[in-house]
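Chemist: My questions all concern the structure below.
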Amino acid sequence: MTQVELMPAPPTVRAEGNPWPRWPLIFRTSSSQEEGGAREFGLMTKRLEGEDGKLRRLHAVKVELRREAGGAPRLVEVPGSEVVYEVDLLVLAMGFTGPDTGKLTEQLGVKLNARGNVQVDARFATSVDGVFSAGDTSRGASLIVWAISDGREAAKAVDTYLSREGSTLPTRGKDHAFG
């Protein structure tokens, strides 16, 4: 078993540019990772290869995170670093690095909270009139049940906003499984 990660390994201690209360971006090992297997960081999958309808190999190249003067950090391929892994099963675990809020802030002026998520009030309304947000975009990475619950409550808030009256949608806990 080999776990391949696109990004470089995070530091073992909190970096100076990662102050509290931000989530500590540090190297962690879960109990399942402690059970065995290799972990490879800074590898970009270039292609998958198969034979007779079955996956056989993963072709990758090493990458480095480079920060150019005045620009955003970007991944750059390391020349001559191609590697090939023999594969009989590939599981994609994409993870979540946060909501893509670029267009919301650039085009609409939606405000973000200290964690980089869309800032909302108790009715899921953003800082822009008529724009609502729910789930991971405003809560941050969380459980699907929270996203479903938030979505339902946001839908009621939108219904109220559009009708200018109270929502006719079900109340939390009365007409569905969420309490």
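Chemist: Tell me the angle of helix 144-163 to the major Cα principal axis of the chain, expressed in degrees between 0 and 90 and rounded to the nearest ten.
Modeler: 40
Chemist: Considering all alpha-carbon pairs of the range 1-74, what whole percent are spaced by more than 17 angstrom?
Modeler: On the way: 1703 of 2701 pairs.
Summing the P(r) of the range 1-74 above 17 Å gives 63 percent of all pairs.
Chemist: Please state the relative contact order of the chain as a whole percent: Cα pairs under 8 Å, 6+ residues apart?
Modeler: Details: 244 pairs, mean separation 21.5, N = 179.
Result for the chain is 12 percent.
Chemist: Hand me the tally of lysine pairs in the chain: alpha carbons under 28 angstrom apart, and the pair either on different chains or 8 or more positions apart. Could the numbers behind the result be given before it?
Modeler: Working: Lys46/Lys54; Lys46/Lys62; Lys54/Lys62; Lys103/Lys111; Lys103/Lys156; Lys111/Lys156; Lys156/Lys174.
Final tally of qualifying lysine pairs is 7.
Chemist: If I model a spin label at Ile148 and Glu34 as a point 7 Å from the Cα along the Cα→Cβ vector, what separation in nanometres do I get?
Modeler: Simple spin-label model gives 3.2 nm for this pair.
Chemist: Per residue of the range 15-22, what does 6.51 cos²θ - 1.76 cosθ + 1.60 with θ = phi - 60° give for ³J(HN,Hα)? Whole Hz please, x for Gly and Pro, Karplus curve as stated.
Modeler: With coefficients 6.51, -1.76 and 1.60, one gets 6, 4, x, 10, x, 5, x, 4 Hz.
Chemist: A further question on this structure: Which residue fluctuates the most in the chain, going by a Gaussian network model with Cα springs under 10 Å, if the choices are Phe132, Phe27, Phe124?
Modeler: Phe27
Chemist: Considering only protein heavy atoms, what per residue accessible area in square angstrom results for the range 116-167 with a 1.4 angstrom probe? Before the final figure, lay out the partial values.
Modeler: Working: 2860 Å² over 52 residues.
Computed with neighbouring chains in place, this is 55 Å² per residue.
Chemist: Then there is this: Once the convex hull of the alpha carbons of the chain is built, what does its volume come to per residue, in cubic angstrom?
Modeler: On the way: hull volume 37.6 nm³, N = 179.
About 210 Å³ per residue, rounded to a whole number.
Chemist: Turning to a different aspect of this structure: Quick one: if you take sqrt(5λ) for each eigenvalue of the C-alpha gyration tensor of the range 47-138, what semi-axes come out, biggest first, whole angstrom?
Modeler: On the way: eigenvalues 311, 82, 18 Å².
So the equivalent ellipsoid measures 39, 20, 10 Å along its semi-axes.
Chemist: Here is a follow-up. Determine the share of the chain's accessible area contributed by carbon and sulfur atoms, expressed in whole percent, with a 1.4 angstrom probe.
Modeler: Numbers: 6960 of 13020 Å².
Here it works out to 53 percent.
The values are calculated or read from the model by the stated rules, or taken from the named source; none is laboratory data. Only a predicted model underlies this, so the values are computations on that prediction, with no experimental measurement involved. With ideal geometry, Cβ positions are generated from the backbone for all residues, glycine too; neighbour counts draw on all protein chains shown. Only protein heavy atoms, including side chains, enter the accessible area calculation; ligands, DNA and RNA are left aside. Shrake-Rupley method; radii C 1.70, N 1.55, O 1.52, S 1.80 Å.
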